[in-house]
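The values are calculated or read from the model by the stated rules, or taken from the named source; none is laboratory data. These numbers were taken from a predicted model, which means no experiment stands behind them. Cβ sites come from the backbone with ideal geometry, for glycine too, and all protein chains shown count toward neighbours. To get the accessible areas, we keep the full protein, side chains included, count just its heavy atoms, and leave off ligands, DNA and RNA. Shrake-Rupley method; radii C 1.70, N 1.55, O 1.52, S 1.80 Å.
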Number of protein chains: 2
Amino acid sequence: MNSIFLYFKKFHEISTDSQNAISLISTTISVKKNTILQPIGHACKTIYFIKKGLARIYYFKDDLEITESFAFENSIIARAESLFSKNPSRKAIQVLENTELIAIDAIALFKLYDSYPEIERLFRLIFENAYIDTINRIENIQFHTADERYTFLITESSDIIKRVSLKLIASYLGITPVSLSRIRAKN
Amino acid sequence: MNSIFLYFKKFHEISTDSQNAISLISTTISVKKNTILQPIGHACKTIYFIKKGLARIYYFKDDLEITESFAFENSIIARAESLFSKNPSRKAIQVLENTELIAIDAIALFKLYDSYPEIERLFRLIFENAYIDTINRIENIQFHTADERYTFLITESSDIIKRVSLKLIASYLGITPVSLSRIRAKN
DNA sequence: AACAATTCTTTACAAATGATAAGAAATTGA
DNA sequence: TCAATTTCTTATCATTTGTAAAGAATTGTT
């Protein structure tokens, strides 16, 4: 459980009291490669912290799988649009390796906000940061070629190639696997 | 000043006390069409509420202008990625009509968070909502054709065509004006 | 080890989009 | 109002990406 509080510290210091409150609504779980943590169609009620392993959020466009995002060790993954809107999510969370996670009960967490303002602040700062990432991703998609986006991805997280299939990377870049193969062949 | 508190009410009810505190750090301004409210290269220190008129956030890719977002009456516009990271923004805010705004001093606002938890909560909820919009926009860009994105845009906000030049709409859709003309000719 | 299934690459062709240029339409400013 | 500027459309050609199919490479399973 320690790793998550180290992660939290980067955003906002919280008291041992607050840490205990969060611990009480959190559980550590281990899941096997390819497990669907959260299926499509239900409101998101869990925030995951990845201790070890790797996960993605994906959805379907017609019968094509599209990867919205990847999340690696020491990061948080949640379907924020459903978490905040309370609407059922069209997206699923899947683990791509044998993965160890801490699952935080989001409903219980939001209740903690009333009695622990520093917890509210902590998660405000965490999600503000996630918001920044999402804004930057739009900039990245909007006026960069697939080639540029691929090059950017492998410089940003160079080991993604080793850990994620090119099929999933293509769907993340918004292109077909065939198109990604062509790009890779050129470079 | 009333319109902004009506807007706030949709997210979170706050006391008259909190409203007054916000009023004290806000000013109403009127600016002429095409005015640059916030230039590129400075950290974002102002959150705007649009009472009347229309604005956009844009940036440059090489010497090409790209519109990241539009904001209409009764909505908030701010360069969130700079607001939260405190880094200088590569983006500018420009008004596209003669526009009336309420400018909120963001530095002062963030200070209010300590003494008025309900103000912190209010803006948390406002930006959570903006975050949802941004996530949905990625989904919209990532696997929809330019044609689909255009059709979606005009059904979502039908008067945008009357108020914004096609050149800017094209840059928002991530295509060239020439390509947008072709799409419009087909439909 | 051997087979099956999946992933990745390559090829050929089709469709969409970009770049450039030219002209029409609309807007702006003196 | 008239000229100048900007915006919008159309056309042509080049480039990129998609689709479909086939085979190679890899992975998983028994």
Divide by every residue of chain B the summed helix terms, -39500 (n - 2.57) for each DSSP H run of at least 4, and state the resulting mean residue ellipticity at 222 nm, rounded to the nearest 500 deg cm²/dmol. -14500 deg cm²/dmol
Report the calculated FRET efficiency for B:N2 and A:E148 (r = Cβ-Cβ distance, R0 = 56 Å), to the nearest 0.05. 0.75
For A:T46, enumerate residues with amide H under 5 Å from its amide H, sequence gap 5+ or separate chain, H modeled in the peptide plane. A:A106
Hey, got the average number of other protein chain Cβ atoms within 10 angstrom for residues in A:117-129? 3
Burial-style ranking of B:124-130, B:52-58, average other-beta-carbon count within 10 Å with highest first, yields B:52-58, B:124-130
How long, wide and thick is chain B, going by the Cα atoms along their three principal axes, in whole angstroms, largest first? 55, 30, 29
What is the average number of partner chain Cβ atoms found within 10 Å of a Cβ in A:133-145? 6
Using the alpha-carbon atoms, what tilt in degrees (0 to 90, nearest 10) does helix A:177-186 show relative to the longest principal axis of chain A? 70 degrees
To the nearest 10 Å², what's B:D114's accessible area with a 1.4 Å probe? 110 Å²
Paired Rg and Dmax values of region B:23-82, which use every Cα atom, in angstrom: 12.2, 40
From the backbone phi of region A:62-75, what are the Karplus-calculated ³J(HN,Hα) couplings (6.51 cos²θ - 1.76 cosθ + 1.60, θ = phi - 60°) in whole Hz, Gly and Pro given as x? 6, 10, 9, 7, 10, 8, 7, 7, 10, 9, 9, 3, 6, 8
Would you kindly give the portion of the calculated P(r) for region A:106-187 that falls above 20 Å, as a percent of all Cα pairs? 50 percent
Other chains near B:17-28: what is the mean number of their Cβ atoms within 10 Å of each residue's Cβ? 0
Reachable lysines from B:K52, Cα under 25 Å, same-chain residues fewer than 8 places away excluded? B:K9, B:K10, B:K32, B:K33, B:K91, B:K162, B:K167
Given the options B:I104, B:I14, B:I132, state which has the largest fluctuation in a GNM of chain B using a 10 Å cut-off (strictly under) for Cα springs. B:I132
Straight-line reach from A:K45: which aspartates and glutamates have a Cα under 17 Å away, not including same-chain ones fewer than 8 places off? A:E81, A:D105, A:E120, B:E128
Pull up all non-local amide H partners of B:L96: gap of 5 or more, or a different chain, and H-to-H distance under 5 Å with H placed in the peptide plane. B:N34, B:L54, B:A55, B:R56
With every protein chain in place, the accessible area of A:V178 for a 1.4 Å probe, in Å² rounded to the nearest 10, comes to 90 Å²
Restricting everything to alpha-carbon atoms, can you work out Rg to Rh for the protein assembly as shown with a Kirkwood hydrodynamic radius? 0.97
